[in-house]
Amino acid sequence: MHAERGPLLRPILLVLVASSLALVALAANGAGAQQRTADAPPYLDQARPIAERVDDLLGRMSLDDKLGQMTLVDRSALGNQADVTTYRLGAVFNGGSSAPSPNHASSWADTIDSLQRSAEDTPLRIPLLYGVNAVHGHNGLWGATIFPHNIGLGASGDPELVAAISRATAEEMAGTGANWNFAPCLCVARDDRWGRTYESFGETPELVASMASAISGYQDGTPAVLATAKHYLGDGGTTGGVDQGDAALSEAELRAVHLPPFAAAVQRDVGSVMLSFSSWNGARLHAHRYLITDVLKDELAFRGFVVSDWAAVDRIDGASGLTAAEVRSAINAGLDMVMVPYDFRTFLGLLRTEVRAGRIPLQRIDDANRRILTQKFELGLFEQRQTDRRWTPTVGDAAHRDLARRAVRESIVLLRNDGGVLPLPRHAGKLFVAGRAADDIGIQSGGWTMSWQGGIGDITPGTTVLEAVRATVSPDTTVTYQRDGYGIDSSYRAAIAVVGETPYAEGRGDRRGTMSLDPADRAVLERLRAAGVPVVVVLISGRPLDIAAEVAQWDGLLAAWLPGTEGQGVADVLFGDHNPTGRLPLTWMADAAQQPINHGDGQEPLWPYGFGLNYPTDTVPAQTAPAQTVPAQNIPADTIPIGMAPGGADGGQPSSGNTFAASSSIAR
């Protein structure tokens, strides 16, 4: 066991103490009880080294047992839970829209516990891994805390905050019985047209690698859940930002830009790595032996297991229908567990045939099983099979929502503050709020919230930006809300427009044409501006948008990314309870035609990577949060943001990082 997984020993030690006490009791009950304890197979003896337990269990497993451990099935594909027993399945998961019903923590726990009991009915009683896409909180569960998506956390520049969020997510997962998270996404987003840009922490390998701290948050505490570094390798660098496309890159660029975050993940002893749908120079990642076995397993010394993405093995040959050749090429390339997710019977039949024919060596099957079983033992699943319901009350609790609120305010980037319009006063007399994102938790949270592509409306409990504004202003301030901006006049102190992107996930989120605001959003902004009052824009988006032609008409601009359920964090910045400290994790284009645009490529952006304004220090209370610094190599040197003199001519006050002082660091 690696040192980084040391904290996992704490729950095991607690179990050891309990077991010792139980043995004393057994001794007192006579020789019969002692005999039953002695008869337990070595792999169930938690006092033995994990490697010894794995070897003992592996030696007892039939071929069917081994093949079942390599099979990952969507819960909805099970004809009944007895399929877990019949096919010796090793892992079950929730797809993006297949949550247990009703979608409450107790229902999840009951469902997963029942599946674990089915696994116990197999001859060797090997527990299940149960996977979820908890990519910004336990986001498929109604009532869970929904944190900002990764792009916002990258703007915070705070690896410790990211680890704390992962720890909170692990607690909420544990309270539902889920023990495996398909997170964090460690892709380096190099083209904002890509629909998964918001799943990335940013455009530089140094920034993304620093956020591998999420792995420690998931795996190294109590409770612990298995983390997954995804998507290996190069999915953020596909040509044109096409999802599941081809990364036409030299090996030098692939290694320099896209590999470092995965090296950081391996250093943190990540338990699993998920492969990318995409290709590298025309070769599918799911069949790429060089990148999977030679680089990841041998060169980087990854000791966990490699898992496929959704039905991705069936896409290796580009035709519909899983084939023996696809299964053979993927497993022999180094894939250890296959997310089928539905055709598991077909997959098991093909895999069995290939092994029996000798086209997949039994040593490859044993290696895959050894990797999978090691993670199950290290998680303590053989000792704690059922949901530890002490963690169930943490779902959406006050402490986690406070952490999410902090994450929201630390991720916000102040991009424009003409005339010092921000922060807004609490005693503002009259404020006007407009925009389709102002009072919508679904838009605020983005994709991968309650369902794969996300949704609009009150999809889960939370605080909208409008609700947060109303809760923040003084009792003598009137807040008027009209979604489309009608009814405003010059009597208002300011208008707050909350606009941006509606929810999406991969595939549907790719943008091939315009990257500008929706026409409905632009119409709202025109109505507000026509009233002659200061207009402050809160931009809700999963990536930079093409706004260069319009931004000069706005007095203030906050990039709030996809903040999640805790809109109060936005109000904390709007009204000056928190000085904006976020910095751009992506270069902000001056025109969509510049895509892809990244730091150091010689293009002239609207705002450079690392840009962000602060409020003048006399307008906000002293900050009590510890200073954080983005790794020095992330920040461009000897550059002054476009349109801004060193003194902050557009109304904001740049920090030393915004003027990119010689230290190249951004003070938080």
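In the chain, the longest principal axis of the Cα atoms and the axis of helix 398-411 are about 50 degrees apart. Given R0 = 51 Å, the distance between the Cβ atoms of Gln267 and Ser101 translates into a calculated FRET efficiency of 0.80.
Give me the base-10 log of I(q)/I(0) for the range 138-237 at each q in 0.10 Å⁻¹, Debye formula, one uniform scatterer per Cα, rounded to two decimals. So the normalised log intensities work out to -0.25.
One-quarter of the Cα convex hull surface for the range 412-608, in nm²?
Numbers: hull surface 43.4 nm².
If you wrap the Cα atoms of the range 412-608 in a convex hull and average its projections, you get 10.9 nm².
Compute for the chain: radius of gyration divided by Kirkwood radius, i.e. Rg/Rh, restricted to C-alpha atoms, rounded to two decimals.
1.00
Output the 0 to 90 degree angle, nearest 10, between the alpha-carbon long axis of helix 9-28 and the longest principal axis computed from the alpha carbons of the chain. It is inclined by approximately 40 degrees.
If you plug the beta carbon distance of Ala82 and Asp56 into 1/(1 + (r/R0)^6) with R0 = 30 Å, you get a FRET efficiency near 0.65.
Classify the range 511-603: rounded, prolate or oblate, from the alpha-carbon gyration tensor (a ≥ b ≥ c, eigenvalue square roots; a/c under 1.5 rounded; otherwise prolate if a/b is larger than b/c)? Judged from the Cα gyration tensor, the range 511-603 comes out oblate (a/c at least 1.5, b/c at or above a/b). Ranking Gly612, Pro49, Phe262 by how far each Cα lies toward the positive end of the dipole of the chain (charges on Cβ) leaves Pro49 at the top. Which whole-angstrom value gives the distance between the alpha carbon centres of the range 243-276 and the range 557-619? Here the two parts' Cα centres lie 26 Å apart. Spatially, the range 144-191 and the range 192-218 are offset by 10 Å when compared through their Cα centroids.
For helix 344-356, report the angle its Cα long axis makes with the longest principal axis of the Cα atoms of the chain; keep it between 0 and 90° and round to the nearest 10°. The helix 344-356 is inclined about 50 degrees to the chain. For the chain, the Cβ-based charge dipole about the Cα centre amounts to some 1080 debye (Lys, Arg positive; Asp, Glu negative; other atoms uncharged). Site pair Ala324 and Arg522 shows an inter-label distance of 5.8 nm when each label is modelled 7 Å from Cα along Cα→Cβ. Rounded, prolate or oblate, given the Cα gyration tensor of the range 49-393, with a/c below 1.5 counting as rounded? Oblate is the answer for the range 49-393, as a/c is 1.5 or above yet b/c matches or exceeds a/b. Between Ala530 and Glu299, what is the FRET efficiency for a Förster distance of 56 Å, r being their Cβ-Cβ separation, to the nearest 0.05? Rounded to the nearest 0.05, the efficiency is 0.40. Shape analysis of the range 33-150 places it in the prolate category; the axes a ≥ b ≥ c from the Cα gyration tensor give an a/c of at least 1.5, with a/b above b/c.
Since every read-out is calculated from the coordinates, none of them should be taken as a lab result. Just so we're clear, the structure is a prediction, and the values are computed from it rather than from any experiment. Because the Cβ atoms are built from the backbone with ideal geometry, glycine has one as well, and the counts that use them run over all protein chains shown.
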